[in-house]
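To keep things clear, I will list the structure first and then write my remarks on it.
The values are calculated or read from the model by the stated rules, or taken from the named source; none is laboratory data. Given the structure is predicted, the values throughout are model-derived calculations rather than measurements. All Cβ positions, even for glycine, are placed from backbone atoms using ideal geometry, and neighbour counts span all protein chains on display. Keep in mind that these areas ignore ligands, DNA and RNA; they rest on the heavy atoms of the full protein, side chains included. Shrake-Rupley method; radii C 1.70, N 1.55, O 1.52, S 1.80 Å.
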Amino acid sequence: MYILICLALIAGFFIYLIGFGKENKVHQQESLESALRHDIAECYAIEGFYPPNLSYIESHYGLVYDKNLFFIDYNAFGSNMYPDVTIISISDNKIESIK
């Protein structure tokens, strides 16, 4: 009887951890979206143009993210037009576009 209770508790704990990991990744993606929006707007406010590419944001504004978890598709159309940015979560293929 005690063994079944222990096994049920262990299984419940692992299910909880799996759910917590997904919430953590969602929070990371939301933080990345917010950081990107902030850096894009800050570049435009300070320098008078939108960043030409993602590496510009990384080198001039210190953007750091886990490239094993997220892919960022960054398309700039001109120095005075807000870029099209899409964040793709690599493990679950969830696509999130920020404007």
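With a simple spin-label model that places each label point 7 Å from the Cα along the Cα-to-Cβ direction, the separation between F71 and E23 comes to 2.9 nm. Among L54, L69, the sequence by solvent-accessible area, most first, with a 1.4 Å probe is L69, L54. With the crude spin-label approximation of a point 7 Å out along Cα→Cβ, what separation in nm comes out for I46 versus D84? For I46 paired with D84, the spin-label model returns 2.8 nm. Going 7 Å from the Cα of S31 along its beta-carbon direction, which residues of segment 64-82 have the amide nitrogen within less than 12 Å of the resulting point? Those under the cut-off are 64-66.
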